[in-house]
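So that we are looking at the same thing, I have put the structure below in structure tokens.
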Ligand code: THU
Ligand code: ZN
């Protein structure tokens, strides 16, 4: 177990800490809890579902990487399947602040990359910033989404984001978490194929510049990341950030990356290449391989 996770566990109420320990120490722990695991944790700790989620926020926040702010934000996305997905903020020293991942984006992307089809709520240990409110307004559940904060009554996203600007203002009916399947041709290299699969499931209704990333880990396996666009453009989450979220939540350091492949469409109106290369370089990862594809 990594030291910050162990630290967060030690700060949990004793009954919850005892019940949580076997999950957190399991090699298979992937920073999420199934509905059955949540029920078992509630039973062992005597906590209601909401109080349990509040108690798990420091566990989520323990995944934060904050070389710039030392401000740890933890979030939990509640999937419609009943699974809870942890997330935390990630900052990148030597890269522009725009590359930062917010905890809400991390938890939501974690659920999306795990093929969850929608969310019922998002819990976070600090009030969500404007950028996160806008990011969440892109979700297929934006009209029903509940935001949970410790010491605050649950409220709808639209309580936090009245008169929202969203996909419909740009004439787009698609929303984030709607299933995507862009038809890309396959590739002989399995790592490139993984990046293509991610690009095929990416969400880019505004530019159609679908893109995906695959990060090879210890020359053995990989994590992938999908691009998630936003109606207000700036809160869009690049594919690299999506992959780095999964890398961090699976417990791998950036130094475990042995290859990085970006897939994007040839002659697209925007490109992830230079920003991804710069962020990876700031993390000490070279080079970025880029493969351009045409839609079938
Ligand atoms: N942060 C979040 O993760 N969520 C929010 O909505 C508020 C801000 C993070 C971003 C950055 O890493 C740090 O907190 C300081 O803004
Ligand atoms: Zn935010």
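What follows is calculated from the coordinates using simple rules that are stated; it is not laboratory data. Since this is a predicted model, take the numbers as computed values, not measurements. Note that each Cβ is placed from the backbone with ideal geometry, even for glycine, and that neighbours are counted across all protein chains shown.
Using only alpha carbon positions, build the gyration tensor of the stretch 117-195, then give the equivalent ellipsoid semi-axes as the square roots of 5 times its eigenvalues, largest first, whole angstrom.
31, 17, 10
To the nearest 0.05, how large is the calculated FRET efficiency for residue 71 and residue 146 if R₀ is 22 Å and r is the Cβ-Cβ distance?
Here the calculated transfer efficiency is 0.35.
So what's the gap between the Cα centers of the stretch 236-277 and the stretch 26-84, to the nearest angstrom?
Using only Cα atoms, the two centres lie 25 Å from each other.
For the ranges 103-110, 269-276, 34-41, 158-165, what's the packing order if you count other beta-carbon atoms within 10 Å of each residue, average per peptide, and put the highest first?
With the highest mean Cβ count within 10 Å placed first, the list reads 103-110, 269-276, 34-41, 158-165.
Another question, then. Zone of residue 173 (label point 7 Å along Cα→Cβ, backbone N under 20 Å): which residues in the stretch 114-139?
118, 138-139
Using only DSSP helix segments of four residues or longer, with each worth -39500 (n - 2.57), what per-residue ellipticity at 222 nm results for the chain after dividing by its residue count and rounding to 500?
Numbers: 10 runs with 98 residues, N = 296.
The helix-only estimate for the chain comes to -9500 deg cm²/dmol at 222 nm.
Please work out the FRET efficiency for the pair residue 18 and residue 269, using the Cβ-Cβ distance as r and a Förster radius of 51 Å; give the result to the nearest 0.05.
Between residue 18 and residue 269 the formula returns 0.40.
Can I ask one more? Antiparallel DSSP bridges in the chain: what percent, to the nearest 5?
Working: 31 of 42 bridges.
So the antiparallel bridges amount to about 75 percent of the total.
Still on this structure, please answer the following. Note down the relative contact order for the chain as a percent, whole number, built from C-alpha pairs under 8 angstrom at least six residues apart. Present the calculation step by step, with values, prior to reporting the outcome.
Values: 610 pairs, mean separation 38.5, N = 296.
So the answer I get is 13 percent.
Which length gain, in nm to one decimal place, applies between residue 40 and residue 281 when the Cα-Cα distance is subtracted from 0.36 nm times their residue separation?
Stretched fully, the residue 40-residue 281 segment lengthens by 82.5 nm.
From zero up to wherever the largest Cα-Cα distance of the chain sits, split into 10 Å bins and tell me the percent of pairs in each.
6, 29, 35, 22, 6, 0
Extension gain residue 256-residue 187, at 0.36 nm per residue separation less the Cα-Cα distance, in nm? Don't jump to the answer; show the numbers that get you there.
Working: separation 69, 0.36 × 69 = 24.84 nm, distance 2.42 nm.
Separation in residues times 0.36 nm, less the Cα-Cα distance, equals 22.4 nm.
How high is the relative contact order of the stretch 1-146, given as a whole-number percent (alpha carbon pairs under 8 Å, six or more residues apart)?
In percent, rounded to a whole number, it is 19.
I need to check one value: relative contact order of the stretch 1-68, counting alpha carbon pairs closer than 8 Å and at least 6 residues apart, in percent.
42
Can you figure out the FRET efficiency of residue 25 with residue 127, using R₀ = 35 Å and their beta-carbon distance, to the nearest 0.05? Please list the in-between numbers first.
Details: r = 32 Å, r/R0 = 0.93.
The formula returns an efficiency of 0.60 here.
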